[in-house]
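Asks: Please read through the structure below; I'll follow up with questions.
The values are calculated or read from the model by the stated rules, or taken from the named source; none is laboratory data. Please read these numbers as outputs of a predicted model, since none were measured by experiment. Cβ: placed from backbone, ideal geometry, glycine included. Neighbour counts: every protein chain shown. What goes into the accessible areas is simple: the full protein's heavy atoms, side chains included, and nothing from ligands, DNA or RNA. Shrake-Rupley method; radii C 1.70, N 1.55, O 1.52, S 1.80 Å.
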Amino acid sequence: QVQLVESGGRLVQAGDSLRLSCAASGGTFSDYVMGWFRQAPGKEREFVAYISWSGRNTYYPDSVEGRFTISRHNATNTVYLQMDVLKPEDTAVYYCAADRVGGTAASRFAYWGQGTQVTVAS
């Protein structure tokens, strides 16, 4: 059973940068692919970033490509989401997720954190 705890969310201004962290425990971290998703009020949970077991492969949707960067540090069981040039439409609760296979759909991930709020003011 994998436990995930996100941190780093806060209120920022449009154009600012922010880095989210997700600490994992309860499993062998390198056995899991990791993902970041977000959910704004009244909207479905949206894929934001994916990173493979070793970190060699990453994927992003067009909405964040070039602005967001996912990375992982297997030695400390941590995955990061660096967010640059933030926009008001990036406002959401951001969730970290883990799975042995994963994908770009929320349904492909078995383990979830509790989320961290990111608010981008215009």
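Asks: Out of all the residues in region 1-14, which are crowded, with 17+ Cβ neighbours inside 10 Å, touching a Cys at 6+ places or on another chain (Cβ under 9 Å) and either farther than 23 Å from A110 by Cα or of a type in the set (A, V, I, L, M, F, W, C) (or both)?
Replies: Result: L4, single match.
Asks: For residues in region 58-89 being in a strand (DSSP E or B) and closer than 23 Å to G26 by Cα, which is most open to solvent (accessible area, probe 1.4 Å)?
Replies: Step one: list which residues in region 58-89 are in a strand (DSSP E or B), which gives 58-59, 68-73, 78-83.
In the following step, the residues that additionally are closer than 23 Å to G26 by Cα were identified as 70-73, 78-81.
Values: I70: 7, S71: 48, R72: 33, H73: 86, T78: 17, V79: 0, Y80: 48, L81: 0 Å².
So the residue we want is H73.
Asks: Also: Just to verify a result, which residue in region 90-101, among those that are of a type outside the set (V, I, T) and surrounded by fewer than 21 Cβ atoms within 10 Å (Cβ to Cβ), is farthest from G9 (Cα to Cα)? Give the steps one after another, and end with the answer.
Replies: Restricting attention to region 90-101, the residues satisfying the condition of being of a type outside the set (V, I, T) are 90, 92, 94-100.
Those left that are additionally surrounded by fewer than 21 Cβ atoms within 10 Å (Cβ to Cβ): 99-100.
Values: D99: 23, R100: 26 Å.
Filtering first and then ranking leaves R100.
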